[in-house]
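Visitor: Here it is, the structure in full.
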Amino acid sequence: MKNDEKRKKKAGRFLPMTETTYCILAALAETRHGYGIMQRVEEATDGRLRLGPGTLYGALTNLLKQGLIVRAGDGEDGEERRKLYRLTDLGLAAVKKEGERLVEIVRVGRELLKIRGEQ
């Protein structure tokens with residue numbers, strides 16, 4: 001089994017994800033600090049999902065332990081307290097796999113709703 005196939009299989013054990021986890025991982029498509037993650041998620045969801053510091057840092061701690069993200073250093077000058085985070089290859093595989101799962105759920109739901117004439 002190739003490394004990519006192994007990674008995808010291993011990534012599957014993190015599914016399904018909560019919306020919060022999925023959005024945090026997706027926001028880490030680029031290296032960011034905690035506040036930057038909160039801002040990006042709020043922006044991407046048009047303000048529907050707002051992460052509080054407790055929720056975010058609790059999730060980051062779990063994602064670090066699971067090996068889905070790693071610390072990527074500290075912020076630039078004047079931002080010494082800002083810890084930077086980035087996805088690992090496993091984290092990237094997991095967030096992609098969850099995205100595929102969600103797309104499939106939407107496809108199935110739309111197909112089933114056609115029976116009622118709704119879309």
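The values are calculated or read from the model by the stated rules, or taken from the named source; none is laboratory data. Keep in mind that this is a model prediction, so the values were computed, not measured. Virtual Cβ from ideal backbone geometry, glycine too; neighbours counted across all protein chains shown.
Visitor: Would you please name the residue that is surrounded by the fewest Cβ atoms within 10 Å (Cβ to Cβ), looking only at residues in the stretch 92-109 that are touching a Lys or Arg at 6+ places or on another chain (Cβ under 9 Å) and not small (G, A, S)?
Guide: The selected residue is K96.
Visitor: Any residue in the stretch 75-91 that is touching a residue at least 12 places away in the same chain (Cβ under 8 Å), surrounded by fewer than 11 Cβ atoms within 10 Å (Cβ to Cβ) and touching a Phe, Trp or Tyr at 6+ places or on another chain (Cβ under 9 Å)?
Guide: Looking through the stretch 75-91, none of the residues is touching a residue at least 12 places away in the same chain (Cβ under 8 Å), surrounded by fewer than 11 Cβ atoms within 10 Å (Cβ to Cβ) and touching a Phe, Trp or Tyr at 6+ places or on another chain (Cβ under 9 Å).
Visitor: On the given criteria, is G36 in contact with an Asp or Glu (Cβ under 9 Å, 6 or more places away or on another chain), farther than 25 Å from V103 by Cα and at pLDDT 95 or above?
Guide: Taking the combined requirement at face value, the residue satisfies it.
Visitor: Can you list the helices (runs of 4 or more DSSP H) found entirely within the stretch 8-87 that contain at least 3 residues being hydrophobic (A, V, I, L, M, F, W, C) and in contact with a strand residue (DSSP E or B) (Cβ under 8 Å, 6 or more places away or on another chain)?
Guide: The helices (runs of 4 or more DSSP H) meeting that bar are 53-66.
Visitor: Hey, another quick one. In the stretch 8-29, what residues are aromatic (F, W, Y) and closer than 15 Å to D89 by Cβ? Explain how you work it out, then say what you get.
Guide: Residues of the stretch 8-29 that are aromatic (F, W, Y), as a first pass: 14, 22.
Answer for the stretch 8-29, where residues must be aromatic (F, W, Y) and closer than 15 Å to D89 by Cβ: just F14.
Visitor: What number of residues within the stretch 1-15 satisfy the criterion of being of a type outside the set (D, E, K, R) and under 14 Å from L63 (Cα atoms)?
Guide: 3
Visitor: Here's something else I'd like to know. Return the total of residues in the stretch 59-88 being at pLDDT 85 or above and either at positive phi or of a type in the set (S, T, Y) (or both).
Guide: Restricting attention to the stretch 59-88, the residues satisfying the condition of being at pLDDT 85 or above are 59-72, 83-88.
Still in the list and also either at positive phi or of a type in the set (S, T, Y) (or both): 61, 67, 85, 88.
Qualifying residue count, the stretch 59-88: 4.
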